[in-house]
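Below is one structure, written out as structure tokens; comments come after it.
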2 protein chains.
Amino acid sequence: MDAQPSFLNQLFDKGFLVPSGVDGLYGRGEAYEEVIAGFDSLITKTVANDAAEKISFPPGMSRVAFEKSGYMKSFPQLAGTVHSFCGVDHDHTELLAQLAAGEEWTGKQEVTDVVLTPAACYPIYPVLAARGNMPKGGVVFDLQSYCFRHEPSQDPARMQLFRIREFVRAGTPEEVVAFREEWLKRGPAMMEAVGLPLHIDLANDPFFGRGGRLMKVGQREQQLKFELLVQIANPAGPTAIMSFNYHQDHFGETWGIHTNDGGVAQTACTGFGMDRIALALLKHHGLDLKAWPKSVSKTLWG
Amino acid sequence: MDAQPSFLNQLFDKGFLVPSGVDGLYGRGEAYEEVIAGFDSLITKTVANDAAEKISFPPGMSRVAFEKSGYMKSFPQLAGTVHSFCGVDHDHTELLAQLAAGEEWTGKQEVTDVVLTPAACYPIYPVLAARGNMPKGGVVFDLQSYCFRHEPSQDPARMQLFRIREFVRAGTPEEVVAFREEWLKRGPAMMEAVGLPLHIDLANDPFFGRGGRLMKVGQREQQLKFELLVQIANPAGPTAIMSFNYHQDHFGETWGIHTNDGGVAQTACTGFGMDRIALALLKHHGLDLKAWPKSVSKTLWG
């Protein structure tokens, strides 16, 4: 139908992404990583005076913490549990025979204590709760993580493993709402500085199943989630490259996170979809980084 | 027994690592990441003239490629397969009831197309094979990945999720052996430049089970693996922070990787255990980065 190679194939051809044979799972070439690093440094400059505590998480988190988070209630279809072989010699012999015969061989894999991290903020809540009442004024975290969501897709902007840099604010309702308001101004300003045409929209998370429908409606009615959207590679419409989420006291209650005076803390977070931002920049400014508008190059690479 | 806090607890106290409740699974604080970034830039300087193709991999790889690699034959106990919930509403209801009752809830998780990457070189072999015969002189890759090995431990230098930067050479036996020889000189020089007392030793991989014993002996007899070892936090002895591996034609045969004249390529790789290197530096130079020897600071941060 379309003689033009797809955007994903163009990214493969030019070495920005490297195919793995699995939809949504790609190696990243050097130029792609330069785009990521450029935008990452723009974020770092933007938050230079925020006094945020910076933590980089590995791509997996504690299964016990994951279970407590409630993720399986809302998004069971997206989670990835990690399983390992815990057998002995004769189990191994059987496993190798199954593998050799092209049969299912993972029956003896047992669930481990590790679950792939679904969003960069999930591992921080139990850490924060364990520290006791927060200092006056609350706290802000600057987090990053590779994250996993099980949604194989040929849209390059819907990867199974992708990076999020995420800011999490915990404090009083006023502090938390002010944080989100601030980011709802900063986000568009940053995207305009790198030449991305955007709009902000009310949004909902992909809550699972029949019960999920009500949660989507409730989230929208209370205006808990906004997204910053840019047209990338989905012909059906633009893709979210940032989100702005107000959790009210959901995580504060779940984890027992308390403000200085002992009340249940509220939380909010703002996430940058780093891979989606890189893809949006490549889509809008083209695959020759040297030909990008000077103002964009300067913003990204100084 | 020991009134001194363990090295791991000291790292927690000073914020270099952040506990998750799971052994071998830690967040990384800002100063820890500065050490990682400093050593990473030393590597980049060292290889500036190597003309290596740089690829950054996500922490998971194709299950089909993983199966073909032979990893489950050698190290089944270390691998992590990724499983997801593929059920419908009533399965979800059952799952939530199991979770609420504190029962095993992962019975309906099905294996996905993703396996956690066990070493940064595993995803590159099928990519290289798919490109057809290599150019004359072969190729060299500069790879990085978060990797997973299922070996929970309270030794901070034995993490379940950790970063490897790895160089992979493919070519003729002469090219590949010369690459390993070069790194066996470069590695110690780099570690001396950052003040780490080291030794190089013949080594073997942790091949599984009774059959694995013979493989360990064979690997040692043929001198296929060397490690660069530094004392970190294991009272039983030093820990490998680099490895130098000669695969002969193992991966070339497995994947069908060919030299320019159509012969089966040989491969070798050199891996930097980035987290172990950071821990070795913190152990040897102390937890106050500003008090590190000037020559070390200058080498890492210029």
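The values are calculated or read from the model by the stated rules, or taken from the named source; none is laboratory data. What you see is a predicted model, and the numbers here were worked out from it, not measured in a lab. Positions of Cβ are backbone-derived with ideal geometry, glycine not excepted, and every protein chain shown enters the neighbour counts.
Worth a mention:
Here's the yes/no breakdown for (1) in the same structural domain as B:Gly273 (by TED's automatic domain parsing); (2) among the basic types (Lys, Arg); (3) in contact with a His (Cβ under 8 Å, 6 or more places away or on another chain); (4) modelled with pLDDT of 95 or more:
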| residue | (1), (2), (3), (4) |
| --- | --- |
| B:Thr44 | yes, no, no, yes |
| B:Asn49 | yes, no, no, yes |
| B:Ala52 | yes, no, no, yes |
| B:Ile55 | yes, no, no, yes |
| B:Asp91 | no, no, no, yes |
| B:Leu99 | no, no, no, yes |
| B:Gly107 | no, no, no, no |
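- Residues in the range B:148-160 that are closer than 23 Å to A:Thr81 by Cβ, surrounded by 22 or more Cβ atoms within 10 Å (Cβ to Cβ) and either among the aromatic types (Phe, Trp, Tyr) or touching an Asp or Glu at 6+ places or on another chain (Cβ under 9 Å) (or both): B:Phe148, B:Met159, B:Gln160.
- Screening A:Pro76, A:Pro58 for residues that are touching a Pro at 6+ places or on another chain (Cβ under 9 Å) and buried (at least 17 other Cβ atoms within 10 Å of the Cβ) leaves exactly one candidate, A:Pro58.
- Within the range A:175-230, the set of residues being part of a loop (DSSP other than H, G, I, E, B), surrounded by 15 or more Cβ atoms within 10 Å (Cβ to Cβ) and not small (Gly, Ala, Ser) comprises A:Val194, A:Leu196, A:Leu198, A:Asn204, A:Asp205, A:Phe207, A:Phe208, A:Leu224.
- Qualifying positions in the range B:56-113 - touching a residue at least 60 places away in the same chain (Cβ under 8 Å) and either polar (S, T, N, Q) or over 29 Å from B:Thr254 (Cβ atoms) (or both): B:Ser56, B:Ser62, B:Ser69, B:Ser74, B:Gln77
- Selection status of A:Val139, under 21 Å from the mean Cα position of the chain (by Cα) and under 29 Å from A:Gly80 (Cα atoms): no
- Scanning the range B:128-159 for residues that are free of Cβ contacts under 8 Å to residues at least 24 places away in the same chain and assigned to a helix (DSSP H, G or I) turns up just one, B:Ala130.
- Within this structure, B:Gly70 passes the test of being assigned by TED's automatic domain parsing to the domain that holds B:Ile164, surrounded by fewer than 19 Cβ atoms within 10 Å (Cβ to Cβ), more than 29 Å from B:Val18 (Cα to Cα) and not acidic (Asp, Glu).
- Only residues that are in a loop (DSSP other than H, G, I, E, B), under 16 Å from the mean Cα position of the chain (by Cα), at the interface with chain A (Cβ under 8 Å from one of its Cβ atoms) and hydrophobic (A, V, I, L, M, F, W, C) were counted in the range B:46-98, giving 3.
- Selection from the range B:152-163 of residues that are more than 8 Å from chain A (Cβ to nearest Cβ) and more than 19 Å from B:Phe66 (Cα to Cα): B:Ser153, B:Gln154, B:Asp155, B:Pro156, B:Ala157, B:Arg158
- Filter pass, A:Val111 being part of a strand (DSSP E or B), β-branched (Val, Ile, Thr) and not assigned by TED's automatic domain parsing to the domain that holds A:Ala51: yes
- Residue in the range A:124-144 that is touching a Phe, Trp or Tyr at 6+ places or on another chain (Cβ under 9 Å), within 28 Å of B:Phe207 (Cα to Cα) and at the interface with chain B (Cβ under 9 Å from one of its Cβ atoms) present: no
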